[in-house]
Amino acid sequence: MNSVPRCFLLMVMLWPAAVARADITSTSYLALVAQDRQIDVQWSLALRDLEDAVGLDSNGDGEITWGELRAASDRITAYAHPRLRFTSAGIECPAGEAQLLVDRLGGTPYAVLRYTARCPTAITNLDVVYAALFEIDRRHRGLASVTLNGTRHAAVFSPGQPSAHFAATGSALSVMRQFFAAGMAHLAEGADHLLFIAMLLAPSVLRPDPSSGSLSRLADAVRTLTAFTLAHGLTLTLAVLRLAEVPPTLVEPAIALTILLTAADNVYPILSWPRERIAFVFGLIHGLSVASSLGALDLAPGLRALALLSFNMGLEVTQVLIAVALAPIGFCLRATRPASYRVLPIVSGAALIIAMLWLSDRLQSSAQSAVLRYQARLLTDHSPISPATVHGTPEG
Amino acid sequence: MMSDDRLGRLRRLACLLCLLVAPAANAAPFIPSDTNEILERVEPSRDPVEGELRRLSAALAIDRGNGPLAVKLARLSIARGQLLGDARYFGRADAALAPWLNLPDPPIDVRLLRGILRQSNHDFTAALDDLGKVLSGEPHNGQARLTRAVVRLVRAEYNAARGDCVQLIGAAPPSVMRVCLAAVAAMTGHARTAQAALTITADQADTPPAVRVWALTLAGETAARTGDSRTAMGAFERARALAPDDAYLLAAYADALADAGRAVDVPDLLAAHTRIDSLLLRVAEAELQLGRHDPDLLAQLAERFETSRLRGETTHQREEARFALHILGRPDAALRLARANWQVQREPADARIFLEAAIAAGVPLEADPVLIWRRDNGVEDIQLTRMVSSIERGVR
């Protein structure tokens, strides 16, 4: 009785033994372009693999039509997105809406997903975790071509190697270019930094003081800005090297406070400091917040120093550009409008209100996260497997 | 003679140019305009074996640790992959057995399948280890015995292979043992005897269909090697009537046709199977031999070998060497691949590409291992004989 199925199995198995040579393999292709804060993803998955993973052939006739593929598009993205994850400096970059296309690669039909993943900060190092199809086919491979800030990398994902790390290394020149641009972008994109700079410079540009000419005012502005950049660069370096770590829950409200104080000082002198000192002291605080946007800076020490220097240069150049752009406005105002002395308090007053709103907003979210952290700690303290219990258990 | 050579070189040059231009021309994802456009053909889910595979993998998905279920699914997947020449089914078998695959001492039925899967990955040493352990526990395990015989045959360990064939007595149907012994005899100077034994076995009524296909394929290969192309074609045709999609059979048949000056029949024979890399290669070789060239075909082939290279696969080295020599006209690269391939497998086809590449590269004695293997075992193969005598003429 039993010998019949055994014999049948043996026959079925004969061929693997005899020649076991099968050529058709399963491969997906990933083309990633990561620049600034976004990753453009083009992911090609073989239709026959997607058929196994999510079922495309809805009428079961062995033919997959474009209509059937399109109808499965939600299922495909629901399958694909969780199986390809990006993190930049440890923070997840969520995937955006995907567009579905079709391609033929090596004569095999593929579905192509195109979408953009957005990271919270500029991408300096990127982790990719790939887990598609491995649960079905352990010989599946994901072939990735990754362009990170202009430099190309390649990776092969397999069940034994499902993740890859890409760092913005490359040549000194590319590091310089990249971080210079990041410095410029950081200032241009951060409303709070721009407002702070504006408040720092407003008096030297707008204050009606006939004794000093436009050039000396500009020199004042540049000196103030340089003091800011120096202080800013100092804390930034300390933070990136992890010599100084201040939680963002403190830094963010503190930055709002610096804007508030500077604006208030423009209306009524409460700080009685020279501008350079204000710029320096408050710059120390601003530097701490930039560090989080730079991430862990996964570079060789020499390149890291270069990157920091370039970043600060980018920052400084942008600041000077802003000052140069603002100065003529102030000059024109003073030359044409006798009542221009009113401009400074009006502008500063507006900034003061904005800074107050930011401050209350940030204090509130800091307080919330403090509460959350406290609750989380309570939970872990009461969990049954805390380190104390493990160590406290006697052997045997 | 001379002009033929020059013509061939020109053709290769044209091919190379096509390869450079063609991929760029057809590589762009698109959105099909017609909802009813058929993009892909898959195994219909109505197919009973596919249905069974689906049922088993669904059951295993909710019961990952179920050994008997995993073994059943893996067995069925391997058989299916074998039949269709589709390694994705081997990957499914890997996935089904994943919890046991890395165990130092897995259950015996898992170990047997692991040995077969390792063999399919050309990891012959590890495969032999697994099969040996299975056989020391179950000396009458026909599947393990037969698989080991074939692995040893592929590695040109003919005495050891013969020993395994003999021990198939009582462990497998007598026809299996006869074919096994004939396969060894065909390689060791007894081609005519082997040929007769294979024909008799194929004609016997009680020979199971799968064994009959095996016997006929071997008979075809052996006849082709002894220069009896009429008998060879007859055997291949009979085998094809029984197993029209058998990838190994089709490859052997196509090679025999091309050698017999019937390259013109190869594209039709393989038209429905070009999804399999090694068969697409044979179509390209035949087209080239006929003086036709299809840039799309060559571009496809180039893409597939590129993918295989990026995947880090070495199971394709024989085919890659043929691609390098026959399609790209790069004897040095072909020789490197063929030499590496010879370290892993030593079948007549491996010997042939090694020798061809060495001659084309102008260093025929580099293929010394092939000459020694041929002489020591008394291998009969008219193509090898032709090349060896041309070398000997050259040396004298």
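The figures follow:
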quantity: When the convex hull of its Cα atoms is projected in every direction, mean area for the range B:183-236 (nm²); calculated: 3.2
quantity: Estimated 222 nm signal from helices in the protein assembly as shown, with DSSP H stretches of n ≥ 4 weighted -39500 (n - 2.57), rounded to 500; calculated: -20500 deg cm²/dmol
quantity: A versus B: buried accessible surface, summed, Å² (probe 1.4 Å, to nearest 100); calculated: 6100
quantity: Net +/- balance of residues flanking B:Val166 in space, Cβ distance below 14 Å, scoring K and R +1, D and E -1; calculated: +4
quantity: Average accessible surface area per residue within the range B:181-291, 1.4 Å rolling probe, Å²; calculated: 37
quantity: Alpha-carbon Rg with Dmax, taken over the range B:101-232, Å; calculated: 15.4, 50
quantity: For the range A:131-187, projected area of the alpha-carbon convex hull averaged over all directions, nm²; calculated: 4.9
quantity: Surrounding net charge for B:Thr226, when Lys and Arg each add one and Asp and Glu each subtract one, Cβ distance under 9 Å; calculated: -1
quantity: Whole-percent carbon and sulfur share, accessible surface of chain B, 1.4 Å; calculated: 55
quantity: Computed label-point distance, nm, for sites B:Thr35 and A:Ser174 using a 7 Å Cα→Cβ extension; calculated: 4.7
quantity: Number of partner chain Cβ atoms within 10 Å, mean per residue of B:72-83; calculated: 4
quantity: From phi via Karplus (6.51, -1.76, 1.60), per-residue ³J(HN,Hα) for the range A:127-136 in Hz, x at Gly/Pro; calculated: 10, 10, 10, 10, 9, 6, 6, 4, 5, 9
quantity: Peptide-level mean, for A:127-135, of C-beta atoms on other protein chains within 10 Å; calculated: 1
quantity: Using θ = phi - 60° and Karplus 6.51 cos²θ - 1.76 cosθ + 1.60, couplings along the range B:188-196 (whole Hz; Gly, Pro as x); calculated: 10, x, 10, 4, 5, 4, 4, 4, 5
quantity: Chain B: translational diffusion in µm²/s, Stokes-Einstein, Kirkwood Rh over Cα pairs, 4 °C, 1.567 mPa s; calculated: 57
quantity: By average C-beta atoms within 10 angstrom, highest first, the peptides B:52-59, A:68-75, A:309-316; calculated: A:309-316, A:68-75, B:52-59
quantity: Space enclosed by the convex hull of the alpha-carbon atoms of the range B:86-140, per residue, Å³; calculated: 76
quantity: Relative contact order of chain B, pairs being alpha-carbon contacts under 8 Å that are 6 or more residues apart, as %; calculated: 13
quantity: For B:308-315, mean number of other protein chain Cβ atoms within 10 Å; calculated: 4
quantity: Choice from B:Ala61, B:Ala256, B:Ala197 with maximal GNM fluctuation in chain B (Cα, 10 Å cutoff); calculated: B:Ala61
quantity: Principal axes of the protein assembly as shown: Cα extent on each, largest first, Å; calculated: 115, 78, 53
quantity: Peptides ranked, highest mean first, by Cβ atoms within 10 Å: ranges A:47-56, A:347-356; calculated: A:47-56, A:347-356
quantity: At 0.692 mPa s and 37 °C, Stokes D of the range B:239-396 from Kirkwood alpha-carbon radius, µm² per second; calculated: 202
quantity: Quarter of Cα convex hull surface for the range A:221-291, i.e. mean projection, nm²; calculated: 4.5
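The values are calculated or read from the model by the stated rules, or taken from the named source; none is laboratory data. Treat the numbers as computed from the prediction; the structure is a model and nothing was measured. When we count neighbours, we look across all protein chains shown, and the Cβ atoms used for this are built from the backbone with ideal geometry, even at glycine. Just so you know, the surface numbers come from the protein's heavy atoms only, side chains and all, with ligands and any DNA or RNA stripped out. Shrake-Rupley method; radii C 1.70, N 1.55, O 1.52, S 1.80 Å.
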